[in-house]
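What follows is a set of notes on a single structure, which appears directly below.
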Amino acid sequence: MDQLISILLGGLAAGMVLFIVSVGLSVTMGLMGFVNLAHGGFAMLGGYVIVLTMKHWGLPFLPALGLGFAAVAALAVVLERLFYARLYRASELDQVLFTIGLVFVMIASITLAVGPETQTVVLPDWLRGQTDLGFVKYRSYSLAIIVAGSALVVGLWLGFERTRFGARIRAAVDNRRMAESLGTDVGRLFTLTFAFGSGLAAIGGGLGAEILGLDPQYPLRYLVYFLIVVAVGGLGRVTGVFFAALLIGVLDFVLKIYFPKGGTLFIYALTLVLLLWRPQGLFGRRAS
Amino acid sequence: MTAARQLAERHRFKWWELLPWAAGIAVFFAFPNYLAFGTQLLIAILFALSLDLVLGYAGIVTLGHAAFFGAGAYTVGMLAQHLGWNEPLSGLVAAALVAGAIGLASGYVLLRTHGLTLLMLTLCTMALLEEAANMGAAFTGGFDGMPGLKFAPLLGLFPFDLLFFRSQYLYALLVLLLCFALVRILVYSPFGQSLTGIRENLLRMHAVGAPVRARLVLAYTISAALAGVAGALFAQTNAFVNLGALGLERAAGVLIILILGGYGRLYGAFVGAIVYLLLEHALAKAYPTAWQIGLGVVLMAVALYARNGILGIGDALRRRLGGQRAP
């Protein structure tokens with residue numbers, strides 16, 4: 001029983017990291033239909049900012065996370081205005097090419113600037129060790145990630161469902177033309193969500209460095225996972241992505257323990273079947 | 001020349017279409033030490049050509065085309081390793097059949113979707129095959145693949161040598177010529193025209209009663225079979241197969257080659273493969289990071305400014321300099 005709970009907690013923590021990284025991708029893809037394969041690159045850059053500022057500047061963990069968010073969000077705005085904006089009406093193929101090119105540049109720049117080795121996060125004291133939950137003892141850090149992820153999904157849900165800004169995003173995801181003709185500036189909306197989503201990915205990259213690892217190949221290695229989470233969760237659906245991320249995270253964790261060789265095979269097969277059954281994702285709404 | 005005549009005559013054979021093949025034979029005599037590289041180049045051209053059929057002509061955006069390359073490579077690899085079936089030509093046929101069957105089966109279910117879902121599904125199919133090849137170590141050699149494959153001499157006369165690649169090069173050149181002829185006939189046939197129609201205006205093709213999905217599945221199947229032949233050539237000429245034949249990197253690589261040369265045109269694959277592999281040969285070993293940055297920047301620039309690749313730039317230049325038409 002204890003073992004079952006700890007496996008579940010480990011899977012949940014991995015799922016939360018997947019959620020924090022992927023949620024921005026889901027919203028931006030839903031808004032503009034932009035196939036952004038470079039999203040994992042933003043997570044990697046954020047992870048590096050966080051890990052390196054902690055290591056070299058001695059920044060504490062939380063301010064480092066904030067800095068990672070800000071730095072990557074700023075970079076995202078620049079890239080969005082300079083390049084992405086030109087490709088909104090381009091074909092998927094052009095978007096795929098551009099973002100693959102961007103990933104290559106990101107990977108090579110990090111390899112050049114920092115080196116190809118894996119980076120490790122030095123956790124602050126209050127996140128080390130184990131926490132006693134009464135019924136089971138588990139790693140404090142994983143528990144903290146679960147708490148942070150849950151808080152984030154509640155916050156995002158409130159932002160989406162209860163604010164005017166969120167209503168605009170939902171309107172634009174469901175019917176962009178209609179939203180535009182009602183006076184919503186979808187371009188500006190996109191810039192803001194793109195920056196925010198990339199910033200969240202940065203935090204996910206830093207928080208998840210313990211679990212997913214952090215090295216220059218990160219964006220390509222996890223690309224399929226991020227895309228699976230978004231495709232299964234449905235485009236532009238925060239709660240959908242949340243459940244999809246938890247599902248994939250727990251499944252992956254459990255399968256890796258019990259079937260270390262064939263686990264990933266099962267996840268790919270499941271995704272295939274799911275997407276054939278519901279092309280709009282498990283939680284997505286059918287396009288009108 | 002009027003537009004109508006140009007349209008009517010564009011499938012006619014032009015004298016300059018002999019040049020690539022003349023160059024291919026010239027390379028054989030002029031650079032006997034570079035035939036291993038030349039063989040890889042020919043295989044890359046064939047692979048990119050197969051992708052052009054679905055991506056350039058039918059407009060199916062796929063990220064998983066290496067699935068079929070890998071299927072072909074593993075087919076000849078496993079036949080040679082486990083059944084001792086090492087006759088190269090029949091191996092090519094077997095590879096084409098297996099890859100084509102996978103293309104038919106996956107195309108039949110996948111091509112009802114489009115956009116991001118289709119992209120994801122092609123990616124997942126490839127990842128699935130890659131994992132299967134990784135897991136089925138007893139058949140596929142798992143992570144290490146199958147090194148040191150033995151193949152019988154071509155036609156019983158020309159053995160493959162791994163030092164000079166003389167027979168491999170001519171073999172690949174000949175197979176490429178045959179496959180190219182097939183693709184050339186296909187794209188100018190009514191079938192090819194209807195593929196272009198589907199790419200350009202899906203709704204209208206439905207409206208005029210074209211069997212859209214059947215056409216797409218057929219194109220996908222043929223393309224898969226050709227990619228399988230490319231993969232089989234790869235395994236036979238190099239005498240090994242490993243997981244690299246199936247991965248995202250190979251799928252992205254062939255996409256880059258095709259886009260760089262120019263898609264939706266017969267010779268884009270040739271130009272793209274030559275430029276890409278020459279640059280890679282010159283830069284990738286010596287300056288791997290610089291190569292990756294350069295590649296990334298080129299990709300971004302192509303997506304932003306030069307959607308028709310190198311051949312497209314050539315066309316634009318010729319138009320600007322007062323030439324009359326694009327070939």
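Readers should treat all values here as calculations from the given coordinates under stated rules, not as data from a laboratory. Worth saying up front: this structure is predicted, and the values here are computed from it rather than measured. As a convention, Cβ positions derive from the backbone with ideal geometry for all residues, glycine included, and neighbour counts pool all protein chains shown.
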Quiz item: What residues have an amide H closer than 5 Å to that of B:V241, excluding those fewer than 5 places away on the same chain, when H is modeled at 1.01 Å from N in the peptide plane?
Solution: B:M146
Exercise. Specify the angular offset, from 0 to 90 degrees and rounded to the nearest 10, of the alpha carbon long axis of helix A:61-82 from the longest principal axis of the alpha carbons in chain A.
Key: 20 degrees
Quiz prompt | Cut-off under 5 Å, modelled amide H: who pairs with B:L154 long-range | solution = B:F160
Quiz item: Where does each of B:R265, A:R278, A:R162 land when they are ranked from fewest to most other beta-carbon atoms within 10 angstrom?
Solution: A:R162, A:R278, B:R265
Quiz prompt | Total charge dipole magnitude, segment B:1-95, about the Cα centre, Cβ charges on Lys, Arg, Asp, Glu only, Debye to nearest 20 | solution = 300 debye
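From the Cα trace of segment B:115-180, what convex hull volume per residue do you get, rounded to a whole Å³?
It is 147 Å³ per residue.
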Self-check item: Three-way shape label, segment A:17-217, alpha-carbon gyration tensor, a/c 1.5
Solution: oblate
Quiz item: Which ³J(HN,Hα) values, rounded to whole Hz and listed in residue order, are derived for segment A:222-238 from phi using the Karplus coefficients 6.51, -1.76 and 1.60 in 6.51 cos²θ - 1.76 cosθ + 1.60 with θ = phi - 60°, glycine and proline given as x?
Solution: 9, 3, 4, 5, 4, 5, 4, 4, 5, 5, 6, x, x, 6, x, 10, 4
Exercise. Evaluate E = 1/(1 + (r/R0)^6) for B:L83 and B:A137, where r is the Cβ-Cβ distance and R0 equals 22 Å; express this FRET efficiency to the nearest 0.05.
Key: 0.80
Quiz item: If you stretched the chain out fully between B:F37 and B:H114, how much longer would it get, using 0.36 nm times the residue separation minus the C-alpha to C-alpha distance?
Solution: 24.0 nm
Quiz item: If each of A:V136 and B:A30 carries a label point 7 Å out from its Cα toward its Cβ, how far apart are those two points in nm?
Solution: 6.9 nm
Quiz prompt | Reference-scaled alpha-carbon Rg (2.2 N^0.38 Å with N residues) for segment A:1-82 | solution = 1.35
Quiz item: Helix-derived [θ] at 222 nm for chain B: sum -39500 (n - 2.57) over DSSP H runs of at least 4, divide by residue count, nearest 500?
Solution: -22500 deg cm²/dmol
Practice problem: Neighbouring Cβ atoms within 10 Å as the yardstick, rank A:K256, B:K150 fewest first. | Solution: B:K150, A:K256
Self-check item: segment A:155-278: C-alpha gyration tensor shape, a/c 1.5 cut-off, then a/b vs b/c
Solution: prolate
Quiz prompt | Relative contact order [Cα under 8 Å, 6+ residues apart], chain B, whole percent | solution = 30 percent
Self-check item: Net lengthening on full extension, B:S90/B:T2 (0.36 nm per residue, minus Cα-Cα)
Solution: 27.0 nm
Quiz prompt | Approximate shape of segment B:81-159 as ellipsoid semi-axes (Cα gyration tensor, √5λ), whole Å, largest first | solution = 31, 18, 9
Self-check item: In Hz, Karplus ³J(HN,Hα) per residue of segment A:143-156 (6.51, -1.76, 1.60; θ = phi - 60°; x = Gly, Pro)
Solution: 5, 4, 5, 4, 5, 4, x, 5, 4, 5, 5, 5, x, 5
Quiz prompt | Spin-label pair B:R320/A:F165, simplified geometry with 7 Å Cα→Cβ offset, distance in nm | solution = 4.4 nm
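What number do you get for chain B when its Cα radius of gyration is normalised by 2.2 N^0.38 Å, N = residues?
Rounded to two decimals, the normalised Rg is 0.99.
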Quiz item: Rounded to the nearest 500 deg cm²/dmol, what is the calculated helix-only ellipticity per residue at 222 nm for chain A, with -39500 (n - 2.57) per DSSP H run of length n ≥ 4?
Solution: -24000 deg cm²/dmol
Quiz item: Going by a ≥ b ≥ c, the root eigenvalues of the Cα gyration tensor, does the protein assembly as shown fall in the rounded group (a/c under 1.5), the prolate group (a/b larger than b/c) or the oblate group?
Solution: prolate
Quiz item: Taking the Cα centre of each part, how many Å lie between segment B:82-110 and segment B:18-79?
Solution: 16 Å
Quiz item: If you plug each phi of segment B:291-307 into the Karplus form 6.51 cos²θ - 1.76 cosθ + 1.60 with θ = phi - 60°, what whole-Hz ³J(HN,Hα) values come out, in order, with x for Gly and Pro?
Solution: 4, 5, 4, x, 4, x, 5, 4, 4, 4, 5, 4, 5, 7, 10, 10, 5
Quiz item: What's the extension gain from A:W277 to A:H56 if we count 0.36 nm per residue and subtract their Cα-Cα distance?
Solution: 74.6 nm
Self-check item: Ranked B:M78, A:M1, criterion: other C-beta atoms within 10 Å, fewest first
Solution: A:M1, B:M78
Quiz item: Relative contact order (percent) for segment B:129-206, with alpha-carbon contacts under 8 angstrom and 6 or more residues of separation?
Solution: 10 percent
Quiz item: Cross-link partners among aspartates and glutamates for A:K55, C-alpha distance below 16 Å, same-chain residues fewer than 8 apart left out?
Solution: A:E117, A:D125, A:E210, A:D215
Quiz item: Where does helix A:263-277 land angle-wise versus the long Cα axis of chain A, in degrees 0 to 90, nearest 10?
Solution: 30 degrees
Self-check item: Modelled FRET efficiency - R0 41 Å, A:Q217 with B:L177, Cβ distances, 0.05 increments
Solution: 0.60
Practice problem: Using R₀ = 60 Å, calculate the FRET efficiency as 1/(1 + (r/R₀)^6) where r is the Cβ-Cβ separation of B:L155 and B:A210; round to 0.05. | Solution: 0.90
Quiz prompt | Cα-projected label distance for B:T289 with B:L203, points at 7 Å along beta-carbon direction, nm | solution = 5.0 nm
